[in-house]
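Worksheet: the structure to be examined is printed underneath.
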Amino acid sequence: MIKAVGVTVMSYNIHHGVGMDDQLNLHRIADVIRDSGAEIVSLQEVDRFYGDRSEYKDQAAEMAALLGYHYAYGANLDLGPEEGRADNRQYGTAILSKHPILRHENRMLSSFEDEPRGVLHAVIDLRDVHVNVYNTHLGLDTTSRTVQAQEIMKLAASAQGPKLVMGDFNAEPDSAELQLLLHSGLVNSFQGMEDAYTFPFSSPPEIIDYILTSPAVLHSNQRVIHTDASDHLPIAVDLTFK
């Protein structure tokens, strides 16, 4: 008998925890995650001791504590500490998981713009199914995104087991960059949903946030969650692994 394992996953660009009311509120972000039922969450634009805008907090650690989840953090921007402070100022991505994270690694991607980009890879033990989760925030120019998509494809191809590639891709569904990832064998879990708009949060005209999976993964209950906790809307989907 084949065992089926289900899980709800989310991708969310949290705008370093600042909502559309210009208020920093990580509790509000955690509430959005909790209310969605998501057990594996990829977050973009996450600060770690970055500065006054986020009160020098380790945002991934704080949200993991609020939810009672495990977490992994990937610093794509790593600056020296401000005068009088000991910790490097970091900005990047995070993966939160209700399930154990067996290992994780942040890999830098090629970029032809000022902001460095990376992909955070975590292997999560989902009730004895080892799931490869890749979380990324791709660049703003087409050249960077194309090369970054190719690099992520190569990384994912070398991993064993089911895969999730999630994040803010800064690319529309018909873009060459997204098509590269889909032609590599990944599946857009929101394929066919023409109203999965996520940015900016109020009446958004753009689809740039995605959850891609291995072909054998089943998708259901795809939704965009409407909240003003960030400038992006989070997306969530129920997945089943066999």
Exercise for the section: Roll a 1.4 Å probe over the protein heavy atoms and report the accessible area of Lys154 in Å², nearest 10. Expected result: 150 Å²
Practice task
Could you pull the accessible area for Asp35 with a 1.4 Å probe, rounded to 10 Å²?
Solution key: 130 Å²
Exercise for the section: Within the set of other residues whose C-beta is less than 12 Å from the C-beta of Glu151, count the net charge using Lys and Arg as +1 and Asp and Glu as -1. Expected result: +3
Completion exercise
Rounded to one decimal in nm, the spacing of the 7 Å Cα→Cβ label points at Asp141 and Phe112 is 0.6 nm
Problem - Label point distance in nm, Ala216-Leu182, each placed 7 Å from Cα along Cα→Cβ - result: 2.3 nm
Exercise for the section: Count charges around Ala176 for me, please; just the other residues with Cβ under 13 Å from its Cβ, Lys/Arg as +1, Asp/Glu as -1. Expected result: -3
Completion exercise
Excluding residues fewer than 8 positions from Lys154 in its own chain, the lysines with Cα under 16 Å of it are Lys163
Exercise for the section: Compute, for Val187, the solvent-accessible surface of its heavy atoms (probe 1.4 Å) with the complete set of protein chains present, and express it in square angstrom to the nearest 10. Expected result: 50 Å²
Handout entry: Overall Cα dimensions of the chain, principal axis frame, Å, largest first
Key = 58, 39, 37
Fill in the blank from the handout: So Asp31 and Ala86, fully extended at 0.36 nm per residue minus their Cα-Cα distance, gain in nm 16.7 nm
Fill in the blank from the handout: For Glu206, placing the label point 7 angstrom along Cα-to-beta-carbon and taking the range 222-237, residues whose amide nitrogen sits under 14 Å are 231-233
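Under the rule a/c < 1.5 gives rounded, and otherwise a/b versus b/c splits prolate from oblate, where does the range 165-242 land using the Cα gyration tensor? Write down the numbers at each step before the final one.
Values: a/c = 2.28, a/b = 1.36, b/c = 1.68.
Judged from the Cα gyration tensor, the range 165-242 comes out oblate (a/c at least 1.5, b/c at or above a/b).
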Practice task
Show me 156-162, 205-211, 172-178 ranked by packing, highest mean number of other Cβ atoms within 10 Å first.
Solution key: 205-211, 172-178, 156-162
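Within the range 53-90, list the trypsin sites (Lys or Arg not before Pro) lying in a DSSP loop whose Cβ has at most 16 other Cβ atoms in a 10 Å radius. Mind dumping the intermediate values first?
Working: sites: Arg53, Lys57, Arg85, Arg89; in loops: Lys57, Arg85.
When the trypsin sites (Lys or Arg not before Pro) of the range 53-90 are filtered for loop state and at most 16 Cβ neighbours within 10 Å, Arg85 remain.
Would you tally the net charge around Phe49, using a Cβ to Cβ cut-off of less than 13 Å, leaving Phe49 out, and scoring K and R as +1, D and E as -1? All intermediate terms of the calculation are to be shown ahead of the outcome.
Values: positive: Arg48, Arg53, Lys57, Arg85, Arg89; negative: Asp47, Asp52, Glu55, Asp58, Glu62, Asp78, Glu82, Asp87.
Here the charged neighbours net out to -3.
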Practice task
Under 27 Å Cα to Cα from Lys57, which lysines show up? Leave out anything in the same chain fewer than 8 places away.
Solution key: Lys98
Practice task
Whole Å is fine, so just give me how far the alpha carbon centre of the range 46-70 lies from that of the range 106-142.
Solution key: 19 Å
Exercise for the section: Leaving ligands, DNA and RNA out of it, report the carbon-plus-sulfur percent of the accessible area of the chain at a 1.4 Å probe. Expected result: 48 percent
Exercise for the section: For the range 181-189, take each phi angle, set θ = phi - 60°, evaluate the Karplus expression 6.51 cos²θ - 1.76 cosθ + 1.60, and give the result in whole Hz per residue in order, putting x for glycine and proline. Expected result: 5, 5, 5, 7, x, 7, 10, 6, 5
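Probe of 1.4 angstrom, ligands and nucleic acids ignored: what's the accessible area per residue over the chain, in square angstrom?
On the way: 10560 Å² over 242 residues.
That works out to 44 Å² per residue.
Treat every Asp and Glu Cβ in the chain as -1 and every Lys and Arg Cβ as +1, leave all other atoms uncharged, and give the resulting dipole magnitude about the Cα centre to the nearest 20 debye. Present the calculation step by step, with values, prior to reporting the outcome.
On the way: 18 positive and 34 negative charges, 248 e Å.
About 1200 debye.
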Completion exercise
For the range 1-63, the Kirkwood Rh over every pair of distinct alpha carbons, in Å, works out to 12.8 Å
Exercise for the section: Apply the Karplus parameterisation 6.51 cos²θ - 1.76 cosθ + 1.60, with θ equal to phi minus 60°, to every residue of the range 87-99 and state each ³J(HN,Hα) to the nearest whole Hz, in sequence, with x for glycine and proline. Expected result: 8, 4, 8, 10, 8, x, 10, 9, 10, 9, 8, 5, 9
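The values are calculated or read from the model by the stated rules, or taken from the named source; none is laboratory data. Bear in mind that the values here come from a model prediction, so they are computed numbers and not experimental data. So basically every Cβ, Gly included, is an ideal-geometry build from the backbone, and we count neighbours across all protein chains shown. In case anyone asks, the SASA skips ligands and DNA or RNA and just uses the protein heavy atoms, side chains included. Shrake-Rupley method; radii C 1.70, N 1.55, O 1.52, S 1.80 Å.
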